[in-house]
1. Quick check: anything in the range 247-269 farther than 13 Å from residue 384 by Cα and free of Cβ contacts under 8 Å to residues at least 12 places away in the same chain?
2. Can you give me the number of residues within the range 266-290 that are within 16 Å of ligand 1 (Cβ to nearest atom), of a type in the set (Ser, Thr, Tyr) and assigned to a helix (DSSP H, G or I)?
3. On the basis of being in contact with a helix residue (DSSP H, G or I) (Cβ under 8 Å, 6 or more places away or on another chain) and surrounded by fewer than 17 Cβ atoms within 10 Å (Cβ to Cβ), does residue 235 make the cut?
4. Can you pull out the strands (runs of 3 or more DSSP E) entirely within the range 375-461 that have at least 2 residues that are within 11 Å of ligand 1 (Cβ to nearest atom) and at positive phi?
5. Mind listing just one residue for me: the one in the range 372-407 that is charged (D, E, K, R) and under 23 Å from residue 280 (Cα atoms) and, of those, farthest from the chain's Cα centre (by Cα)?
6. Would you say residue 21 is free of Cβ contacts under 8 Å to residues at least 24 places away in the same chain and either outside the structural domain of residue 180 (by TED's automatic domain parsing) or surrounded by 15 or more Cβ atoms within 10 Å (Cβ to Cβ) (or both)?
7. Give 219, 191, 205 a once-over and let me know the one that is of a type outside the set (Ser, Thr, Tyr), buried (at least 17 other Cβ atoms within 10 Å of the Cβ) and within 7 Å of ligand 1 (Cβ to nearest atom).
8. If a residue has to be in a helix (DSSP H, G or I) and small (Gly, Ala, Ser) to count, how many in the range 204-234 make the cut?
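The values are calculated or read from the model by the stated rules, or taken from the named source; none is laboratory data. The shown structure was predicted, so the numbers you read here are calculated from the model rather than taken from an experiment. Please note: Cβ atoms are built from the backbone with ideal geometry, for glycine as well, and neighbour counts cover all protein chains shown.
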Amino acid sequence: MAEIKEYKNLINGEWKESKEQITIYSPIDNKEIGKVQAMTHKEIDDAMAAAKAAMKAWREVPIVERAKVLYKAAELLEKRKDEIGEILAEEVAKNLKSAVSEVVRTADLIRYTAEEGIRVHGEVMKGDTFEAASKNKLAIIRREPMGVVLAIAPFNYPINLSASKIAPALIGGNVVIFKPPTQGAISGLLLTQVFEEAGLPKGVLNSVTGKGSVIGDYLIAHPDVNFINFTGSTEVGEKIGEVSGMKPILLELGGKDAAIVLEDADLEKAASEIVAGAFSYSGQRCTAIKRVLVEEKVADKLAEILEKKVNSLSVGDPFDNAEITPLISNKAADFVEELIDDAVNKGAKVINHPKREGNLIWPGVFDNVTLDMRIAWEEPFGPVLPIIRVKDENEAIEINNKSEYGLQAAIFTKDTTRALEIADKLEVGTVHMNNKTQRGPDNFPFLGIKKSGVGVQGIRYSIESMTKLKSVVINI
Ligand SMILES: NC(=O)C1=CN([C@@H]2O[C@H](COP(=O)(O)OP(=O)(O)OC[C@H]3O[C@@H](n4cnc5c(N)ncnc54)[C@H](OP(=O)(O)O)[C@@H]3O)[C@@H](O)[C@H]2O)C=CC1
Ligand SMILES: O=C(O)[C@H](O)COP(=O)(O)O
């Protein structure tokens with residue numbers, strides 16, 4: 001039997017082993033794919049100390065030099081797209097094509113971050129723009145790093161949602177403690193390796209692995225952390241909100257994005273976008289379309305088209321590039337099944353029958369979903385899509401806004417003015433017109449309101465979030 005590879009943590013420029021390890025199994029076939037370190041609190045303290053010690057020198061490195069490291073990292077990452085893509089596919093059961101394109105997308109993101117970072121400078125203000133008496137005052141306003149950024153990423157984009165925190169933090173002059181998701185840790189550590197090989201000085205980026213349930217609370221409460229950048233569940237996000245006190249945070253959390261389909265919509269186009277939005281990576285995306293709110297008059301027709309399209313989705317092995325692949329764990333699949341059972345017991349009409357084999361769930365569409373069903377409100381993070389029929393746009397807006405989440409929404413209509421009016425009323429961070437909900441392109445602002453998040457991501461926005469203003473006022 002081939003030896004199981006062990007992945008170490010980068011601490012102060014050295015790859016370190018802990019006393020205990022965690023075995024990572026593939027959600028595809030439960031095969032062991034590697035071991036990562038289960039760090040102790042003492043080792044986390046060492047990582048924090050290394051980061052703090054590296055901070056002074058890194059913030060003094062000219063931005064163009066920091067940018068060079070990012071360009072190099074992008075180049076190295078892209079070169080390894082097939083190797084890293086394969087591991088990523090195996091580790092989180094993402095289809096190979098999407099896994100490789102996640103790596104390429106991330107190289108593009110890192111490159112763009114380098115370009116954008118050299119343009120994020122401050123500004124100069126003169127006092128007489130406010131009052132005549134302050135005419136002689138000149139403010140030089142610059143951006144400074146926050147210090148030690150704790151970057152915590154979720155399992156579903158272990159490369160992209162890690163780099164989208166690390167790269168903007170680094171270009172802003174911060175040092176980073178990176179906690180990858182445990183299921184996704186190998187991919188995260190390969191990304192760390194890429195940054196190291198690109199020439200980051202020791203201590204500037206340190207990885208910390210271990211189960212979130214074991215080391216998470218210790219990390220987020222650590223006194224050396226100056227900023228927390230987290231993507232993951234609302235449950236953990238709320239905990240971070242509670243313990244962070246006055247520490248600045250950036251949280252991207254859960255969602256219940258709706259596709260609102262009006263009676264004048266191009267139903268073929270709407271259905272294609274909805275299927276892509278709801279079912280890619282088996283619905284395990286915060287921005288997945290998680291419910292359809294359709295005007296009654298066109299609901300039958302839309303359901304019919306959705307049924308056909310969903311039936312043609314391929315199901316199976318990520319390495320065969322199946323569109324629907326096994327969920328991240330059996331526990332996740334159990335939760336999806338719970339939501340399905342609840343909906344069916346309360347009278348939802350099953351359109352595509354969602355069969356299950358272990359953690360592989362076939363895609364399911366449920367019509368006539370009513371507001372007493374859990375699936376109308378809860379985030380399944382799986383391949384199921386509820387259809388809620390509404391009498392008009394006002395009811396759609398009302399149901400959309402009743403959600404505890406506020407990430408994104410999509411509106412399908414040919415009437416742009418009507419779409420703009422509805423968009424104004426939707427309590428979400430982003431509204432897409434005649435398109436599925438999605439985070440990208442990665443330079444757009446990405447934010448959730450209510451229980452979907454705090455703060456704004458997106459390349460420039462992330463750099464701004466992870467830097468603070470410092471103003472020096474000269475009295476001429
Ligand atoms: N809005 C957005 O941009 C996105 C939101 N999400 C949301 O994330 C969820 C799915 O991702 P998932 O990875 O399961 O989310 P989790 O919240 O379970 O985990 C996210 C990260 O937090 C870590 N973690 C777990 N417990 C703690 C803790 N107490 N303190 C600090 N860190 C902790 C995890 O480590 P470990 O893996 O070791 O448990 C992991 O690295 C969904 O709700 C989804 O909507 C996902 C992607 C994007
Ligand atoms: O974590 C997520 O689900 C992502 O932020 C979604 O990204 P995408 O919309 O680009 O797939």
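1. No, the conditions are met nowhere in the range 247-269.
2. Result for the range 266-290: 3.
3. Numbers: in contact with a helix residue (DSSP H, G or I) (Cβ under 8 Å, 6 or more places away or on another chain): no; surrounded by fewer than 17 Cβ atoms within 10 Å (Cβ to Cβ): yes.
Answer is no for this residue.
4. Here the list is empty.
5. The residue in question is 374.
6. Judged against the criteria, residue 21 is a match.
7. Details: 191 fails: within 7 Å of ligand 1 (Cβ to nearest atom); 205 fails: within 7 Å of ligand 1 (Cβ to nearest atom).
The unique qualifying residue is 219.
8. Our first condition is that a residue be in a helix (DSSP H, G or I); within the range 204-234, this holds for 212-220, 234.
Remaining after also requiring small (Gly, Ala, Ser): 212-213, 216.
Residues flagged as in a helix (DSSP H, G or I) and small (Gly, Ala, Ser) within the range 204-234 amount to 3.
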